[in-house]
1. Looking only at the range 70-120, count how many residues are exposed (fewer than 13 other Cβ atoms within 10 Å of the Cβ) and touching a Gly at 6+ places or on another chain (Cβ under 6 Å).
2. I'm trying to understand the selection: among the residues of the range 133-178, which are small (Gly, Ala, Ser) and in contact (Cβ under 8 Å) with a residue 12 or more places away in the chain?
3. Hey, among the residues in the range 41-70 that are among the β-branched types (Val, Ile, Thr) and assigned to a strand (DSSP E or B), which one's farthest from GLN109 (Cα to Cα)?
4. Give PRO73, PRO113, PRO38 a once-over and let me know the one that is assigned to a strand (DSSP E or B) and of a type outside the set (A, V, I, L, M, F, W, C).
5. Does the range 135-150 contain any residue that is of a type in the set (Lys, Arg) and either in a helix (DSSP H, G or I) or more than 29 Å from ALA29 (Cα to Cα) (or both)?
6. Being among the aliphatic types (A, V, I, L, M) and over 30 Å from TYR86 (Cβ atoms) is the filter here; which residues of the range 10-66 pass it?
7. Among THR87, THR92, which is hydroxyl-bearing (Ser, Thr, Tyr) and modelled with pLDDT of 95 or more?
8. Could you grab me the full set of residues in the range 56-98 that are hydrophobic (A, V, I, L, M, F, W, C) and either farther than 29 Å from GLN40 by Cα or in contact with a Pro (Cβ under 8 Å, 6 or more places away or on another chain) (or both)?
Amino acid sequence: MRFGNVRTRKPGNANPITMGIIFAVIGGAIFIFFALPPLQYAATSKNWPSVPGTITKSEVQVFKRDGNTHYQPDIAYSYTVEGKKYTAYKITVGDGSLDNNVSKAKRLQSEYPAGKEVDVYYDPDLPESAVLQPGTKSGDLMLAGISALFFFIGLLAVYQGVKAKRRAAEAKNASSMT
């Protein structure tokens, strides 16, 4: 199956309506299937119950990848829910990405030193899933923002394409009447 006609298949002559639909569908699908569920989960974490916990490990891990040095806080904590003891490692919902900022990793390490008593927020439906800082963070919004941008660029391209087709049709009608 081929899209468009001979003129629109040439490089630089893509149909803006088709391209807009493709952008909007891709952006919308990424948002719905990949960006929205983690955002919703992070948002619900604000309502999770909390229990006292203790930091059991507080280090900074150093990784070399692709010639770059990355730093990640390695924070572990224990907590008890309904008599069962758990250990978790997440500071925020969805964290775990490597960073090349050593000061950020060291700041989190100093904020959560080993032995410190902390509030642990846990998912009541899955008590082994816990965080120290509930809620959404700015990094959580990046994928949602990029996918929404794709969606709106697609809608704009469709709008501009329809508008251009209308103008061309009106110009054609006007020239045929004279």
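1. Here the count works out to 0.
2. Step one: list which residues in the range 133-178 are small (Gly, Ala, Ser), which gives 135, 138-139, 144-145, 147-148, 154, 157, 161, 164, 168-169, 171, 174-176.
Correct list: GLY135, GLY139, ALA144, SER147, ALA148, GLY154, ALA157, GLY161, ALA164.
3. Step one: of the range 41-70, the residues among the β-branched types (Val, Ile, Thr) are 44, 51, 54-56, 60, 62, 69.
Checking which are assigned to a strand (DSSP E or B) leaves us with 51, 54-56, 60, 62, 69.
Values: VAL51: 21, THR54: 14, ILE55: 10, THR56: 12, VAL60: 7, VAL62: 13, THR69: 18 Å.
Within the range 41-70, the match that is farthest from GLN109 (Cα to Cα) is VAL51.
4. Numbers: PRO113 fails: assigned to a strand (DSSP E or B); PRO38 fails: assigned to a strand (DSSP E or B).
PRO73 is the lone residue from the list that is assigned to a strand (DSSP E or B) and of a type outside the set (A, V, I, L, M, F, W, C).
5. Keep residues of the range 135-150 that are of a type in the set (Lys, Arg), which gives 137.
With the extra rule that they be either in a helix (DSSP H, G or I) or more than 29 Å from ALA29 (Cα to Cα) (or both), the set shrinks to none.
Checked the range 135-150: no residue is of a type in the set (Lys, Arg) and either in a helix (DSSP H, G or I) or more than 29 Å from ALA29 (Cα to Cα) (or both).
6. First pass over the range 10-66, keeping only residues among the aliphatic types (A, V, I, L, M): 14, 17, 19, 21-22, 24-26, 29-30, 32, 35-36, 39, 42-43, 51, 55, 60, 62.
ALA14, ILE17, MET19, ILE21, ILE22, ALA24, VAL25, ILE26, ALA29, ILE30, ILE32 - these are the residues of the range 10-66 that are among the aliphatic types (A, V, I, L, M) and over 30 Å from TYR86 (Cβ atoms).
7. Numbers: THR92 fails: modelled with pLDDT of 95 or more.
The match here is THR87.
8. Within the range 56-98, the subset hydrophobic (A, V, I, L, M, F, W, C) is 60, 62-63, 75-76, 81, 88, 91, 93, 98.
Hits for the range 56-98 are VAL60, VAL62, PHE63, VAL81, ILE91, VAL93.
The values are calculated or read from the model by the stated rules, or taken from the named source; none is laboratory data. Bear in mind the structure is a predicted one, so any value in this text is a computation, not a measurement. With ideal geometry, Cβ positions are generated from the backbone for all residues, glycine too; neighbour counts draw on all protein chains shown.
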